[in-house]
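Bear in mind that the values in this text are calculations on the coordinates, not laboratory data. Fair warning: this is a prediction, and the values are worked out from it, not measured in the lab. Please note: Cβ atoms are built from the backbone with ideal geometry, for glycine as well, and neighbour counts cover all protein chains shown.
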Amino acid sequence: MSLWCSRDHPAALVACSSRRRRRKVNAGDSSSWASLHEDLVSLIGWRVLAGDFRDYIRFRAVCPHWRSSTTCPRGRGILDPRFYPRGWMLLPEGRGLYPGHGKLHGYVRFFNLSTGAFVRVRLPLFKDHCVLYSVDGIILLQRDHDTAIRLLHPFTGDTAEFPPLETLLPQVRCRSEGSRWYSLRSICGASISVGVDGLVRVMMRPNDVWNICFATSGDQQWRVTTTWECSKLSSTLPFQGKLYVLLRPNSVRGEHEVIQIDPPQQEGMDIGSLSEPSPKLIAKFKWPTSDKSYSLYYYRLVECNSEILVIGTKWDAVYYSVYRLADLMLGRIVHVTSIDGSALFIGRRSLCVSSKVFPTIVPDTIVMRETKIYLSQYHLSNSTLSQATDRVIAEEKDIPGPYSIMCHIITCCSPSYWNKGKISCKGLPTWKVKKKFRYGA
C-alpha cells in the first residue's frame with residue numbers, strides 16, 4: 001500500500017514529513033552527532049546513567065567518539081555508586097532453576113522494576129556461589145567452600161571480596177551450629193558504601209544477630225557493633241548507603257523510633273581502620289489513637305520512589321497504615337493514600353514496582369502473600385482488600401508454570417525462594433544441592 005498525503009489526512013502528512021526529515025538527518029547531519037564536543041557527550045552520558053545503567057551502555061555503543069568521551073563502568077561497577085544498576089532484580093525462574101543450575105548454561109536473567117525490561121547475562125560465577133541478598137542491583141553472594149562474602153555487579157562482572165561468614169559464628173545467639181548458619185545466611189538488610197579511601201564498606205544485619213555487622217573489602221573478619229544493638233523484631237532498610245532501623249516500643253502505647261546508621265568511617269591515617277557505626281535517632285512517634293492502625297502489631301520500613309515509607313499492619317494483613325518518614329521526622333501524621341501509581345510488594349523484604357510497565361499490577365496498592373491462600377492486594381485509596389491473582393500459593397511445593405509477573409515479583413520478596421529458583425508458596429524451601437555449604441540461605 002502506497003503512502004500518500006493530502007490536507008484531509010494530517011496523519012499521513014506528518015508521516016511523510018517525518019520520513020523526509022529522517023532522510024535529511026541521515027544524509028547530512030549524522031556526522032554532527034558523532035562530532036559533539038566530548039564534554040557535552042560526557043554530560044549527556046551522566047544524565048542517561050541517572051535513568052538506567054543499561055541505557056548508559058547503549059549510549060556508549062553508539063559510536064567510538066561517544067564511547068571514548070564517557071567513563072567506562074568496567075572496573076568501577078562497585079567502586080563508583082553512580083554505576084550501580086538500581087532497579088534491576090534477579091529473576092526467579094521457577095521449577096527450581098536456581099542461578100548456576102546446569103539447565104541455564106551459565107545464564108541468569110534480570111528484570112527492571114521501573115521499566116519492565118528483561119536481560120539475560122552469562123555469569124559463570126554462580127557455579128560455586130549462592131545469592132544471599134541484593135541492594136541497588138548489586139548481588140551479595142556467599143562462596144561455597146569458604147563462606148566468603150562477595151559483591152557482584154551483574155552487568156560489568158566486577159566483584160569485591162569480604163570476610164567469610166564463619167567469622168561471625170560466635171556472635172549468633174543460637175545453640176546448634178545448624179541454627180547459627182541459618183541465622184547468618186538469612187540477611188535482614190545490607191548496605192554498600194564507598195569511603196574517601198576508595199574502599200568498599202558493607203553493613204549488614206543477619207537474622208538473630210542483634211548487632212550490625214560491618215567490614216571493608218579486604219578485611220580478614222567481620223566486626224560487630226559493641227555499644228548498642230537492635231531488637232529481633234525491628235525492621236531494617238538499606239537506603240542511599242545507610243541502614244535505617246524501625247524499633248518497636250516496649251508497650252502498645254509506647255513510641256516507635258527510627259534509627260539512622262551511617263557507614264563506618266576511617267579513623268586516623270591507617271587505611272582500613274574503621275570507627276564503629278553509630279546510631280542516630282531521627283524520628284519518634286506514636287500511631288494516632290483515632291486511626292485503626294492504633295492496634296497494629298507489625299511495622300516495617302519500605303523504599304518507594306526515592307523516599308522511605310513507614311507501614312504498619314495487623315498480623316492478618318487486612319488493614320495497612322502508611323506514612324512518610326519525612327513527615328514523621330517533622331512531627332506530622334499524614335496518612336498516605338497514593339504512591340504515584342506504584343505498587344508495593346511486601347515480604348521478608350519489600351519492593352516498589354511501577355504499574356505503568358506491568359499492566360497486571362494495580363496502581364497504589366500493597367501486594368502481599370500473608371492472607372488466605374492467594375496473593376492479595378490492599379488498595380490505599382479506599383482501604384479495601386482484593387485478590388491479586390487466581391494463583392493458589394498455599395501448596396507446600398513449587399507452583400507449576402507458567403507464572404504471572406506478580407508471582408515472580410513476590411518471590412523476590414522471599415529470599416529463601418528467590419535464590420533457589422522457586423516460586424514463592426507455603427512452607428520453607430531447602431537446597432537440593434550443596435546443602436552443607438548453603439544451609440539456611
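Suppose the chain between T360 and E255 were pulled fully straight at 0.36 nm per residue; how much longer would it get relative to their current alpha carbon spacing?
Working: separation 105, 0.36 × 105 = 37.80 nm, distance 3.83 nm.
Using 0.36 nm per residue and subtracting the Cα-Cα distance, I get 34.0 nm.
With the charge dipole of segment 81-438 set up from +1 on Lys and Arg Cβ and -1 on Asp and Glu Cβ about the Cα centre, the Cα lying farthest toward the positive end among the listed residues S386, P263, T225 is that of S386.
What does the charge dipole of segment 81-438 about its Cα centre add up to, to the nearest 20 debye, if the Cβ of each Lys and Arg holds +1 and the Cβ of each Asp and Glu holds -1?
Details: 44 positive and 31 negative charges, 213 e Å.
Dipole size: approximately 1020 debye.
Taken along the Cα-to-beta-carbon direction at a fixed 7 Å, the label points for Q221 and K435 span 3.1 nm. Inter-part distance, segment 403-433 to segment 123-182, computed on C-alpha centroids, equals 18 Å.
Looking at segment 146-248, which trypsin sites (Lys or Arg not before Pro) are in a loop (DSSP not H, G, I, E or B) and have at most 16 other Cβ atoms within 10 Å? When the trypsin sites (Lys or Arg not before Pro) of segment 146-248 are filtered for loop state and at most 16 Cβ neighbours within 10 Å, R173, R175, K232 remain. Length available on full extension from R82 to S306: 0.36 nm per residue minus the Cα-Cα distance, which gives 79.1 nm.
How would T159, T167, T227 line up from fewest to most surrounding beta-carbon atoms within 10 angstrom? Numbers along the way, then the final one.
Numbers: T159 16, T167 19, T227 8.
Least to most surrounded, the residues fall as T227, T159, T167.
Using only alpha-carbon positions in segment 75-223, the gyration tensor eigenvalues give semi-axes of 25, 20, 14 Å once each is multiplied by 5 and square-rooted (largest first). Normalising the average separation of contacting C-alpha pairs (under 8 angstrom, six or more residues apart) by the number of residues puts the relative contact order of segment 81-438 at 13 percent.
The residues C188, C412, C63, when put in order of fewest to most other Cβ atoms within 10 Å, stand as C63, C188, C412.
Diffusion coefficient of segment 81-438 by Stokes-Einstein, Kirkwood radius over Cα pairs, 20 °C, 1.002 mPa s: 102 µm²/s. Of the trypsin sites (Lys or Arg not before Pro) in segment 307-381, the ones in a loop by DSSP (not H, G, I, E or B) with at most 12 other beta carbons within 10 Å are R332. The GluC sites (Glu not before Pro) of segment 139-232 meeting both criteria, a DSSP state outside H, G, I, E and B (loop) and at most 15 other C-beta atoms within 10 angstrom of the site's C-beta, are E229.
Would you mind checking K242/K420; K242/K356; K103/K432; K103/K127 for any pair whose Cα atoms are more than 18 angstrom apart?
Working: K242/K420 28 Å; K242/K356 29 Å; K103/K432 15 Å; K103/K127 12 Å.
Long pairs (Cα-Cα over 18 Å): K242/K420; K242/K356.
With a Förster radius of 51 Å applied to the C-beta separation of V334 and S35, the computed FRET efficiency comes to 0.50. Simple point charges give the picture: +1 on the Cβ of Lys and Arg, -1 on the Cβ of Asp and Glu, and for segment 147-237 a dipole about the Cα centre of about 340 debye.
Of all DSSP beta bridges confined to segment 81-438, the antiparallel ones make up roughly 95%. Each label was represented as a point 7 Å from its Cα along the Cα-to-Cβ direction; for I57 and H105 these points are 1.8 nm apart.
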